[in-house]
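Data block below; observations after.
The values are calculated or read from the model by the stated rules, or taken from the named source; none is laboratory data. In this text the structure is predicted, and so the values were computed from the model without any measurement. Positions of Cβ are backbone-derived with ideal geometry, glycine not excepted, and every protein chain shown enters the neighbour counts. Note: areas computed on protein heavy atoms with side chains; ligands, DNA, RNA excluded. Shrake-Rupley method; radii C 1.70, N 1.55, O 1.52, S 1.80 Å.
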Amino acid sequence: MMKISSLVFSRLLHTDLPLIVRHTKVKLYSTLYIGIGYKSIAFRNLLQYTCRRASGISDRGNEQIVSGKDTQDKSKDTTNDGSENSSEIVENVKDDIAQATKRSKTTKLLPEKTALPDESIINSETTKTKKARTSKKSAADTIVSIEEEKKEKKVRKKKESLTDNEDLSGIDTNVKNLLETHKLRRIAGHTCVIINCLKCSVIMKPVVSDAIYVNKTTGYFSCFTCKKHGPLTSLQENFETLIKTKGAKKNFVCFNDKDTNNIYDWSIHNEQAEEALSKGQPMKKFKIEEFKQIVEILGFENIQKSTLEKQNITYDKERHGLLIPFLSPDGVLMDCKCLTPYFDEDGEFNGLSYSFTNGSGQSSLFGWRKEDEEKKQLILTKTEKDALVLQQTTSDYAVLSLPRESNLPQEVLPYLEKFESIILWFGDDIHSWEYTIKFARKLGENRCLVFRPGDECSTPHEILKNNLSISHTLSKAKPMKNDHLTSFEDLRSEVKAQIAQQELVSGVQWRRFGQFNNILKGLRPGELTVMSGRTGSGKTTFMSEYSLDLCMQGVSTLWGSFEVNNTRLAKTMLIQYAKKKLSPENLNEFDQFADEFQKLPMHFMTFFGQNEIKKVIDTMAHAVYIHDTQHIIVDNLQFMMGSDMDVSDKFSKQNLVYAAFRRFASEHNVHLTLVIHPRKENEDTELTTASIFGSAKATQEADNVILLQTTKTKRGGKKYIEVTKNRFDGELGNISLKFDPEDLTLSNAGKKEKKSSEKQISDKKTEYEDFSDEYEDEEEEKQKEFIM
């Protein structure tokens, strides 16, 4: 763009120099106007006005040849001196214009010695130039409009994929509030609501692959752009901070607040897992004979060496352990799982035990592969061995396995949204069917195909081991029905399985309380057990060990202790787990036992004292969904009768609370153990079923009723468990207990007597050390009087 100096400008304004405007080359007033565009607005306006008057150009832009006159000169006489001055000024102006023309790359004034053209020629050239410019402009506008239209179509198409017309029924209220508050576009998926990111939508169009997945039930989110995930509250806080930020949104760093401790990053490589994995040797280093020995020890027969190599699985010779890398869906190493053989007392192989390096692997699945990214069908297994078999024998499906057979982490659900159908292949036994029902509900029953008990389709490894057809077995998978009607034809296979698999139907067996297996047979899902005993008799101590026994066998457990705080309860459980007294003298052993105990699938509610039943039920449902909880202990029922009920009668309240727990156990297929205090009765008499506080509804609808009895003897006291109701098979009986003050256990009855020094512990000390249900403050004492 040409620049005109202020000196040239001032000389042009104060002279009678004829000014010529040639439309095809220059518009003098426009050139001057643009050239000094950096000046002040007032100066620029004055320049435009003056140039128009001086050149005689109308506001409509007509090009004319006129003589510019100095409007400020009142005298019309021209003297010789004036002519000489004018000639000198003209020469100076021409020099300045010539220098400015050399610097200009786009616009030029008329050459210094060019003759003035005829007006008709100017008008003719002006018309041609206008037409040429118009045609070029129209062509350019057409090209731009076409490009803009294409871009708009792409944006419209992508936006239409995130419609807000989806059915939002069944979605958590907090998730709905988030959608409405920020006006987020969304897709209602199988398990998640897919929304656009408030930050990413500014610098990129809302694409599903770059969106945020929010769990419909819990609100737990996963961002596919930054690979972060966490609770809904953190996402809400991040959106609010983003909206309030003063800087550019594209420079905003998400979840950079120090308070967002619950945010997990799946893009960070885990160094501890890498170190653990490196302790093993790659499979390619083992010879054929060595490899055969390894797979025989671990029970991995018929799995090829190349199959293990593709998953980067290594072998630790010292522990005879198979080291399995657990990756995120994007291939980032998150954890390392070690499988070691477990042998019984006779030295027979009795399965595999496992451990994770840091526990984070329990939030992922095993078997992610790049070649499976475009596949729409998935097979989900319960063990890595089964997943390896299917990866080896089929190429039509993506194959993944659970970190634990009883756990499907909610963190991976967004990455399973792309699969149109999911085959749940856990086996044909009763336990596998229970997991199948639970996970089908979690994944969406409409897209799940399942194997029912009695379909004669055992695990994939057993199918391969018996030289049967994998593809033929897959064809037996049937849709998971979701109606409320059934027939014996549908139930026939399940009935047959229950008759053929009596041991599995009986439930999970106790190891510390062997006598329980003879009476109750085991812990079964969907049942409700009522537990009662006098205050101070040791109900919580017994329930602590009772639940710990099952939890150590993999039963995911949730504790709701409303009269004993969680710290005290966890301390008792840790001592029972270690089977030794932990004191300042042996505090160095604490970390060892604490690390082991921490890996158990044990969780605690944070409620204490009286609470509303709705909050408790919601928390239980949350735990069942996230942790796949199988056993819930509520201690005790009387603390549930809060102010959120419409009835005032305490017995009616109790019936409503009990009905809510009964319904929860049946609908969620979990075992619920409910502690209820007994009525005030003579302490010298034994408790009966009728002794349980409240109406008869509690004991009538309970599947099992167990009472902790205490009797006084000359040597002190005697404790035993009495089973007064057993709906499973009707067998009743007593189970002896013996309290050990050293490890706080009650499962020592029938075992060998300890050393004589331990026998001398007085009954008084035993009673003192016993972990009782006593309240810790005056307010609890008042509650105690009310519930008794």
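Miscellaneous remarks
- Annotation: amide H of residue 335 within the under-5 Å range of 326, sequence separation 5 or more or interchain, hydrogens built in the peptide plane.
- The relative contact order of the range 489-628 comes to 23 percent, based on Cα pairs under 8 Å that sit 6 or more residues apart.
- Taking 0.36 nm per residue of separation and subtracting the Cα-Cα distance, full extension of the segment from residue 262 to residue 652 would add 136.3 nm.
- Per-residue ³J(HN,Hα) for the range 431-439, Karplus 6.51 cos²θ - 1.76 cosθ + 1.60, θ = phi - 60°, Hz, x for Gly and Pro: 4, 4, 5, 5, 5, 4, 4, 5, 6
- Charge dipole of the range 417-570 (Cα centre as origin; +1 on each Lys and Arg Cβ, -1 on each Asp and Glu Cβ, all else neutral): 360 debye, rounded to the nearest 20.
- If the convex hull is drawn through the Cα atoms of the range 550-681, its volume per residue in Å³: 132 Å³
- For the range 596-689, the per residue solvent-accessible surface stands at 44 Å², with DNA, RNA and ligands left out and a 1.4 Å probe.
- Cross-link pairs exceeding 19 Å between alpha carbons, from the set 385/465; 370/599; 521/719; 580/738: 370/599; 521/719.
- Across the range 265-273, computed HN-Hα scalar couplings (Karplus, 6.51 cos²θ - 1.76 cosθ + 1.60, θ = phi - 60°) run 10, 8, 9, 9, 6, 8, 6, 5, 5 Hz from first to last residue, x flagging Gly and Pro.
- Here is the list for the range 308-409: trypsin sites (Lys or Arg not before Pro) lying in DSSP coil, each with at most 13 other C-beta atoms within 10 angstrom of its C-beta, are 317, 376.
- Working note: Karplus 6.51/-1.76/1.60 with θ = phi - 60° gives the range 316-328 the couplings 9, 5, 5, 9, 6, x, 9, 9, 10, x, 9, 9, 6 Hz, where Gly and Pro are set to x.
- Long-range HN-HN contacts of residue 352 with modeled amide H, under 5 Å: 342
- Applying a threshold of 27 Å to the alpha-carbon distances of 310/376; 539/712; 216/653; 337/581 flags 216/653; 337/581 as lying beyond it.
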